[in-house]
Amino acid sequence: MKTYPMYVAGEFTAGVTTQMMDIYNPATGEVIAQVPQATRQDMERAIEAARNAFDRGPWRNFTGQQRGRVLFKIADALRKEAARLAELETVNMGKPLTESEYDVADAVTCFEYFGGWATKIFGEVNPIPDNAMSFTLKEPVGVCGLIIPWNYPLLMAAWKLAPALAAGCTMILKPAEATPLTVLELAKILDAIEELPKGVVNIVTGLGEEVGAALSASHKVDKVAFTGSTEVGRLIMQAAAKSNIKKVTLELGGKSPNIFFSDADFTPAVEGALFGCFVNQGEVCSAGSRILVQETIYDKFVEAMIEKTKTIHIGPGLDRSNKLGPLISEEHLQRVEGYVEKGKKEGARLVYGGKRLGGNLAKGYFLEPAIFAHVTNAMAIAQEEIFGPVASVIPFKDEEEAVRLANDTPYGLAGAVWTRDIFKAFRVVRAVRAGILWVNHMQPTYVEAPWGGYKQSGIGRELGRYGIENFLEAKQVYINLSEAPLGWY
Ligand code: NAP
Ligand code: MG
């Protein structure tokens, strides 16, 4: 059995209690590794290390060029290990190998992109009217807690580590308890980079309720950047409010509408509906899980979705012929199955799938993708985030109704619209209250463009120039240039 230590203050450690937790392969249900189940005390140590590394330097006094070079070195090292990391990601998380390969490549790009930003951080001169100069300095926000989910383990780590490092912050990363392995491999890469001072990056494995909560409640942490459920996002805000008003950015859940007008290019549209909802087993925050289809093409569209879904291979991610892997855990599979039952009880028509796979897949957590037709937007399967391969297909009459349904949700992460009418597309783009809108596509994501949600899908944006701003404070400096004596007005 492989065991991985965690990474605190530049040392690999099993933690104070040396208690370990099992890590599973969701395709087989087998334990594949053990990692430390850290305690609050371990988290305190990691926070202390990050605090020291920030307050006493030398990291924050590095030039942008020096920090940038560290990020480029991380990217180079990741690229060298890409094949091995992609395989490990699939073994630990379940997703198809090709998806893991994209994720690792995107993580490399992310470190390179933010490595470039390290030399492009600067403030501005403020146009004040008096004989004085006012300018803004950008400074690192300080010690950051980075808490990530299990659906894109290495990539989510990169989205947070790369901009935080570029900005000159120090940090504690808490991977999801189910998927710490690629992140712990990344720790070895970080450790081998001599120019990265000890304590700048700390990686603590363990349970969210314990070490994640300790991180977000700490008085010594200046900011928490969190990706995960809306429910836990609320707890993070509460903890920040009750402790030291630390800065908080949140990337939370979604129930994104994918809108199909009758004039859409039919075949790519059907593919886009399925890909948008089922990719990564539907374990995607921006999954287009509400598929809104114009009445005039509704029956034909649902029929085409069913036919196409029959051809999707499901099985272990390491076999390249499989497009869908297992869900993350037995518990999560049961939760998703619960939604399939709920949808039936609510009166939606299950027109395809939704069954757990048996036979040689019985030990893994495999679920046939499910398609529900004649769903109304008020049903739980249309309102709640399922985070699995369950599509709710909802009919609409016209543009006005499509927009109304699209916005009838507590979430606002993403959405897509499919039509050949550019004017209609843009009207819908403007009318849908969400942070990301795609036209005639769903899910492409670029490190150069902002990512994040309206409404209960979060606070703030990651990636693009917003990504670096998240980890910076603005300091306004005033210099009096008047030689006249100062006095009361
Ligand atoms: P989750 O349960 O909210 O967990 C996310 C992270 O928070 C994990 O590391 C978890 O640790 C930790 N955590 C749990 N309880 C905590 C607490 N009380 N205090 C601090 N940290 C705590 O979410 P998940 O099940 O891993 O991921 C699925 C969710 O993430 C979905 O809702 C999805 O929409 C969202 N998501 C959003 C985005 C986006 O960009 N908006 C991207 C991906 C995922 P443990 O694993 O140890 O519990
Ligand atoms: Mg948990």
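Read-outs throughout are calculated quantities, based only on the coordinates presented, and are distinct from any laboratory measurement. Bear in mind that the values here come from a model prediction, so they are computed numbers and not experimental data. A quick note on method: Cβ atoms are made from the backbone with ideal geometry, for glycine too, and the neighbour counts reach across all protein chains shown.
Scaling against 2.2 N^0.38 Å puts the C-alpha radius of gyration of the chain at 1.03.
Using the Cβ-Cβ distance between ASP408 and GLU139 with R0 set to 45 Å, the FRET efficiency from 1/(1 + (r/R0)^6) comes to roughly 0.60.
Each residue of the stretch 171-179 was assigned a 3J(HN,Hα) from its phi angle through the Karplus expression (A = 6.51, B = -1.76, C = 1.60, θ = phi - 60°), giving 7, 10, 9, 10, x, 5, 4, 7, 9 Hz with x at Gly and Pro. THR39 sits among other residues whose Cβ lies under 10 Å from its own Cβ, and their net charge, with Lys and Arg +1 and Asp and Glu -1, is -1.
Hey, which lysines would be in cross-link range of LYS397, C-alpha to C-alpha under 16 Å, not counting anything within fewer than 8 residues on its own chain? Excluding near neighbours in sequence, the set is LYS300, LYS424. Cross-link pairs exceeding 26 Å in C-alpha to C-alpha distance, out of LYS80/LYS255; LYS73/LYS220; LYS255/LYS308; LYS73/LYS120; LYS255/LYS342; LYS310/LYS455, comprise LYS80/LYS255; LYS73/LYS220; LYS310/LYS455.
The local environment of ASN280, defined by Cβ-Cβ distances under 12 Å, has a net charge of -2 under the rule Lys, Arg +1 and Asp, Glu -1. Computed extension length for SER321-THR445: 42.3 nm, one decimal, from 0.36 nm per residue of separation with the Cα-Cα distance subtracted. For the stretch 394-463, averaging the sequence separation of C-alpha pairs within contact (under 8 Å, six or more residues apart) and dividing by the residue count gives a relative contact order of 33 percent.
Let me know the shape class of the stretch 264-381, please: from the alpha-carbon gyration tensor, a ≥ b ≥ c as square roots of the eigenvalues, rounded when a/c is under 1.5, otherwise prolate if a/b is greater than b/c, or oblate. Oblate is the answer for the stretch 264-381, as a/c is 1.5 or above yet b/c matches or exceeds a/b. Length gained on full extension, ASP265 to SER482: 71.5 nm, using 0.36 nm per residue less the C-alpha separation. Rounded to the nearest 500, the 222 nm mean residue ellipticity of the chain from helices alone is -11500 deg cm²/dmol, with -39,500 (n - 2.57) taken per DSSP H run of at least 4 residues. The local environment of GLY123, defined by Cβ-Cβ distances under 11 Å, has a net charge of -1 under the rule Lys, Arg +1 and Asp, Glu -1. Placing unit charges on each Cβ (+1 for Lys and Arg, -1 for Asp and Glu) gives the stretch 266-405 a dipole about its Cα centre, and among LEU367, VAL351, THR296 the Cα reaching farthest toward its positive end belongs to LEU367.
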